[in-house]
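Chemist: Below: one structure in structure tokens.
Every read-out reported here was derived from the displayed coordinates using simple, explicitly stated rules and does not represent laboratory data. Every value quoted in this text rests on a predicted model; they were computed, and no experiment measured them.
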Amino acid sequence: MSLAEKLNRVVQRHEDLARSMASEGPVDPQTFARTSKEYADLAPVVESIRQLQRAEKEAADLASLVTEPTTDAEMRSLAEAERGPEGAYHEAKEAAEREDVGDKKPADEAAKSADADSGAESAGANSAVEEQNEDRS
């Protein structure tokens, strides 16, 4: 599976979660919490993916301007400058790489985080009960 396909899967999962939360009737609180946490966790990753996709489209548009024979010299030089290492494409690509978006596995991450949350809740509940028992003694 290519990187683009993996990124599209993450975006699709985020959109599916949004539709699911908006369309479902009453659901149990744990399922809703798990779904909304996964949605929230994916939001910054999806934003980075979308920035990268916009930058890739811009880079393709700039490349066509540079290679198009009918483009005037001034426009061609502006497009070449924008495509350079300081251009928007490279900035967005670097931002997306910092997010490690290709390695994000939405379902796995949500399951791990749900397990960790339930473990933390159990530990917190146990310590609260222990404190109450000590107070009664």
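Chemist: What's the extension gain from Glu5 to Leu78 if we count 0.36 nm per residue and subtract their Cα-Cα distance? Working shown, then result.
Modeler: Values: separation 73, 0.36 × 73 = 26.28 nm, distance 3.16 nm.
So the extension gain works out to 23.1 nm.
Chemist: Would you kindly derive the ³J(HN,Hα) couplings of the stretch 64-79 from the backbone phi angles with the Karplus curve 6.51 cos²θ - 1.76 cosθ + 1.60 (θ = phi - 60°), listing them in order in whole Hz, with x for Gly and Pro?
Modeler: Along the stretch 64-79, the couplings run 5, 5, 5, 8, 5, x, 8, 6, 6, 4, 5, 5, 4, 5, 5, 5 Hz.
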